[in-house]
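Scroll down for the structure; my scribbles are underneath it.
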Amino acid sequence: MPVVNTNINSIVAQNATNKSDRAMTKNMEKLSTGFRINKSGDDAAGLAVSTKMTAQIRGTNQAGRNISDAIALVQTADGAAKEISSIMQRMRELAVQGATETYSTADLALMDTEYQQLESEITRIVTQTKWNKMELLDGSGGSGGAGAFIIQVGSDNAQSMTVSIGNLDIAAGSLGCLSGLDVSSQSNASAAITNIDGAFQNLATIRADYGSYMNRLSHSLNNAEVFSANMADSNSRLMDTDYAKEMTEFAKSQIVRQAGMAMLTQANAIPNQVLQLLQ
């Protein structure tokens with residue numbers, strides 16, 4: 001029955017059109033932002049999971065940068081240790097040279113002058129080698145003591161490892177057996193050979209530790225990169241827009257809205273038919 005005061009058909013068509021408009025708005029939001037979830041109302045549980053995933057991803061990425069820094073730190077220490085080893089080779093060569101009695105006291109004094117300069121250079125390298133303005137080789141760097149640096153290698157608390165650079169100081173460190181040596185006499189030069197050999201053994205142990213740290217850190221970095229990539233892929237599946245699906249839904253919403261507008265026009269025209277009864 002045609003009525004004027006309450007046009008139910010028009011109300012139904014308006015509700016359907018409004019619903020289509022809301023659906024189109026959501027489709028357009030997802031298509032324009034690239035995200036399936038743009039607010040908590042889109043998927044509250046999914047947003048909560050994604051927030052935790054994002055924290056893990058960003059934390060792991062930073063941990064990867066921490067590991068890269070740690071590798072560079074160890075490489076810096078190893079580079080300095082390599083140069084110290086080279087200096088010690090020359091010091092041992094001078095000690096072997098001075099251990100024979102074919103040189104005069106004056107000759108030995110000249111050898112000892114070079115020897116003492118080389119020892120001073122080792123001390124300089126140990127005290128002045130720094131990473132990010134922190135002493136690296138004298139045992140004072142790092143919060144762990146004795147040159148031990150704590151490296152955060154994961155995104156969560158307690159996911160760390162300790163890199164011990166050690167103390168290469170001649171006075172009180174691993175190279176202490178070099179302290180007080182000279183080659184100013186045949187006997188002193190002979191004694192220096194033994195002490196230098198001991199220092200070589202200590203330095204070789206330290207450099208072996210450096211190598212093991214670099215290898216371990218490299219594996220930690222690889223693991224962090226793979227973990228981050230997998231987490232990013234999982235988060236993408238949860239958060240990112242499926243464009244094929246959303247374009248299909250958008251096209252559907254457009255068609256439904258156009259149909260609703262057409263029906264709304266027809267519904268609004270029905271009351272006009274009452275005028276025909278009054279003519």
Exercise. Being within 30 Å of S160 (Cβ to Cβ) and either in contact with a Ser or Thr (Cβ under 6 Å, 6 or more places away or on another chain) or modelled with pLDDT of 80 or more (or both) narrows it down to one of I57, I87, so name that one.
Key: I57
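Restricted to the range 239-248, and to residues that are surrounded by 17 or more Cβ atoms within 10 Å (Cβ to Cβ) and part of a helix (DSSP H, G or I), which residue is modelled with the lowest pLDDT? I'd like the intermediate steps shown before the answer.
Step one: list which residues in the range 239-248 are surrounded by 17 or more Cβ atoms within 10 Å (Cβ to Cβ), which gives 239, 241, 246.
Narrowing the set further to residues that are part of a helix (DSSP H, G or I) leaves 239, 246.
On the way: M239: 80, E246: 75.
Checked the range 239-248; the qualifying residue modelled with the lowest pLDDT is E246.
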Practice problem: Please find, among S234, S228, S218, the residue that is modelled with pLDDT of 90 or more, within 30 Å of S32 (Cβ to Cβ) and surrounded by fewer than 17 Cβ atoms within 10 Å (Cβ to Cβ). | Solution: S234
Quiz item: Out of E83, E29, which single residue is acidic (D, E) and either surrounded by 19 or more Cβ atoms within 10 Å (Cβ to Cβ) or within 22 Å of N215 (Cα to Cα) (or both)?
Solution: E83
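Of these, V126, V153, which one is touching a Leu at 6+ places or on another chain (Cβ under 9 Å) and in contact (Cβ under 8 Å) with a residue 60 or more places away in the chain?
Working: V126 fails: in contact (Cβ under 8 Å) with a residue 60 or more places away in the chain.
Sole residue among the options that is touching a Leu at 6+ places or on another chain (Cβ under 9 Å) and in contact (Cβ under 8 Å) with a residue 60 or more places away in the chain: V153.
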Exercise. Within the range 30-67, count every residue that is within 13 Å of M239 (Cβ to Cβ) and assigned to a helix (DSSP H, G or I).
Key: 13
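Which is under 28 Å from the mean Cα position of the chain (by Cα) and surrounded by 15 or more Cβ atoms within 10 Å (Cβ to Cβ), of A63, A55?
Values: A55 fails: surrounded by 15 or more Cβ atoms within 10 Å (Cβ to Cβ).
Among A63, A55, only A63 is under 28 Å from the mean Cα position of the chain (by Cα) and surrounded by 15 or more Cβ atoms within 10 Å (Cβ to Cβ).
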Exercise. Considering only the range 224-263, state which residues are β-branched (V, I, T) and within 40 Å of the chain's Cα centre (by Cα).
Key: V226, T241, T248
Quiz item: Which of the residues belonging to the range 131-167 are under 19 Å from I84 (Cβ atoms), outside any strand (DSSP E or B) and at pLDDT 90 or above?
Solution: L136, L137, I165
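The values are calculated or read from the model by the stated rules, or taken from the named source; none is laboratory data. Nothing here was measured: the structure is a model prediction, and the numbers come from that model. Glycine also receives a Cβ, built like all others from the backbone with ideal geometry; neighbour counts cover every protein chain displayed.
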